[in-house]
1. Which of the helices (runs of 4 or more DSSP H) contained wholly in segment 13-118 include at least 3 residues that are within 16 Å of ligand 2 (Cβ to nearest atom)?
2. Between ARG180, ARG200, which is touching a strand residue (DSSP E or B) at 6+ places or on another chain (Cβ under 9 Å), basic (Lys, Arg) and part of a helix (DSSP H, G or I)?
3. Return the residue satisfying two criteria in turn: it lies in segment 143-176 and is of a type in the set (Gly, Ala, Ser) and either closer than 23 Å to ILE60 by Cα or not in a loop (DSSP other than H, G, I, E, B) (or both), and of such residues it is nearest to ligand 2 (Cβ to nearest atom).
4. Could you please find all residues in segment 157-173 being at negative phi and buried (at least 19 other Cβ atoms within 10 Å of the Cβ)?
5. Any residue at all in segment 12-27 that is modelled with pLDDT of 90 or more, farther than 23 Å from ASP161 by Cα and either surrounded by fewer than 17 Cβ atoms within 10 Å (Cβ to Cβ) or within 13 Å of ligand 1 (Cβ to nearest atom) (or both)?
6. Answer with yes or no whether PRO134 is under 30 Å from HIS267 (Cβ atoms), modelled with pLDDT of 95 or more and not aromatic (Phe, Trp, Tyr).
7. Suppose the filter is in contact (Cβ under 8 Å) with a residue 40 or more places away in the chain, within 12 Å of ligand 1 (Cβ to nearest atom) and touching an Asp or Glu at 6+ places or on another chain (Cβ under 7 Å); does LYS40 pass it?
8. Give segment 160-210 a look and list any residue that's closer than 22 Å to GLY39 by Cα, touching a Gly at 6+ places or on another chain (Cβ under 9 Å) and of a type in the set (Asp, Glu), or say none.
Amino acid sequence: MITVKNLSKHYGDLVVLKDINADIKKGEIISIIGPSGTGKSTFLRCLNLLETPTGGSINIEGVSLLDKGTNVSKIRQKMGMVFQSFNLYAHLTILENLTIGPVKLLKKKQEDADYKAMELLKLVGLAEKAYNFPDELSGGQKQRVAIARCLAMETNILLFDEPTSALDPTMISEVLAVIRRLAKENMTMMIVTHEMEFARSISSRVFYMDDGIIYEEGTPDQIFDNPQKEKTKAFIHRVRSMYYTIKSKDYDLYDLQAEIEIFCEKHVISAKVSDYTQLLSEEVIVMQKDFSNICLQLSYSEKDRSLELVCESSGEQLNPFENEDNEIGLKIIKAHCLSVDYIYANGKNIMTLKIKNEG
Ligand code: ADP
Ligand code: MG
C-alpha cells in the first residue's frame, strides 16, 4: 500500500532523514518509536506531503506522490493525520468539525455528511457532544474527535504523531482504546508513540528510528524482547529514575509524595501502585536513623515495567530487619514488594525494594 524508497529530508545543512526505506501493506499497524529529534514526525509529515522530501520516492497504492502530475490533495485526503495538539476548529461545533471537510472537499450533501458524522461520533463514544464546542471537551475527548474527523474524510490510512503525549495520564487510555478499536477494522495505521506497552500490543511491526534511518524493524516481540542492534537495545532497556534527597527529619512528605505521583503518572503506572509506592517510601524513611542525608531513587524500567525503590542513608549500620520497631513497616513493605534487600556498604545503608507493579 505504501512504498518508501531512499526518502531523505534536509533542512539546510541539517540532515533529518537520511535514507528511509519501508514497505507497508494494507491493514498493517506500524508503531514508530525512537529518541526525540530522530525524525519521526518529519517522516510522517513527508508521507502526507506536509513537508516536501529532499529526495527519494513515496508510492501510495501505486501512485507516485512526488511526480509532478500527481493530484496531491486527492492523495492527502486518503491519509488522515492526528497530531499531538488536536487542531480542531474552535469556532465550529464538534459536528461541524466533522462535516466541513466532507462537504467542502468531498462535495457531500450536508445531511449525508451529518449522518455519517453522527455515526463516527458514536464510534468514538462522543455522540452526545455533537453540538458542543471544542473548548467544552477534555483533551482526551478532543483527540477522539480529531480521530473521527479523519475518518469522516474516508481516509484509509491514518497517521498518528504522538496522539497521547499532550494528554493528562487519566485521558490516555480512552484515546488508545479508540485507536485499538480502529485497528480491528483493518485500517492501515502508522503511529509515532512513546507508549511502549500500547505499541507492543497493537502493532504488526515496529520501526525503531535513529540517525535518520529506520535503524531496526521487526515484530513487537523482536523489537521489545530481542532487539539486535546497539542503539535499539539501549533505547528499549532504558530505565527512568527520579531522585529525592532528604536532609532532616522534618522533610516535606507531601512534596515527596507529589513527586512520586507525577513520576508514576508519567510512566502510566496505576494509581493504586502509585499510592502504595508513596506509602512504602514513607515506611522506608521511618526506618532510617540518620536523616542528614537520605537519598531515594525510584526507577522504572520500560522493558519489563519493573519498579524499584532504593533508599540510601549515611551513618552507622542499621539492619532494618533486626529492629523490632520496624515489624509493622516491614509487613507493609513485604505485602507490596516482590523482594526487599538490605546491605551496608561504603558507610551507607542501602535498602532496595522491588515493588509489585500489577495492573
Ligand atoms: P522527532 O519527531 O523524532 O522528535 P522531528 O522529526 O520533529 O523529530 O525533528 C527532527 C529534527 O529535525 C530535529 O532536530 C528538528 O529540530 C528538525 N526540524 C524539524 N522540523 C524542522 C523545520 N521545519 N526546520 C528546521 N529543522 C526542523
Ligand atoms: Mg515528533
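The values are calculated or read from the model by the stated rules, or taken from the named source; none is laboratory data. Owing to the predicted nature of the structure, the values given are computational and were not obtained by experimental measurement. Using ideal geometry, Cβ is built from the backbone for each residue, glycine included, and neighbour counts are taken over all protein chains shown.
1. Numbers: elements: 40-47, 72-78, 94-104.
Qualifying helices (runs of 4 or more DSSP H): 40-47.
2. From the options ARG180, ARG200, the qualifying one is ARG200.
3. First, pick out the residues of segment 143-176 that are of a type in the set (Gly, Ala, Ser): 146, 148, 152, 165-166, 173.
So of that shortlist, the ones also either closer than 23 Å to ILE60 by Cα or not in a loop (DSSP other than H, G, I, E, B) (or both) come out as 146, 148, 152, 173.
Values: ALA146: 16, ALA148: 23, ALA152: 25, SER173: 21 Å.
Step by step, filter segment 143-176, then rank; the result is ALA146.
4. Those that are at negative phi and buried (at least 19 other Cβ atoms within 10 Å of the Cβ): ILE157, LEU158, LEU159, PHE160, ASP161, PRO163, THR164, LEU167, ILE172.
5. Scanning segment 12-27 turns up at least one residue that is modelled with pLDDT of 90 or more, farther than 23 Å from ASP161 by Cα and either surrounded by fewer than 17 Cβ atoms within 10 Å (Cβ to Cβ) or within 13 Å of ligand 1 (Cβ to nearest atom) (or both).
6. Taking the combined requirement at face value, the residue satisfies it.
7. no
8. ASP210
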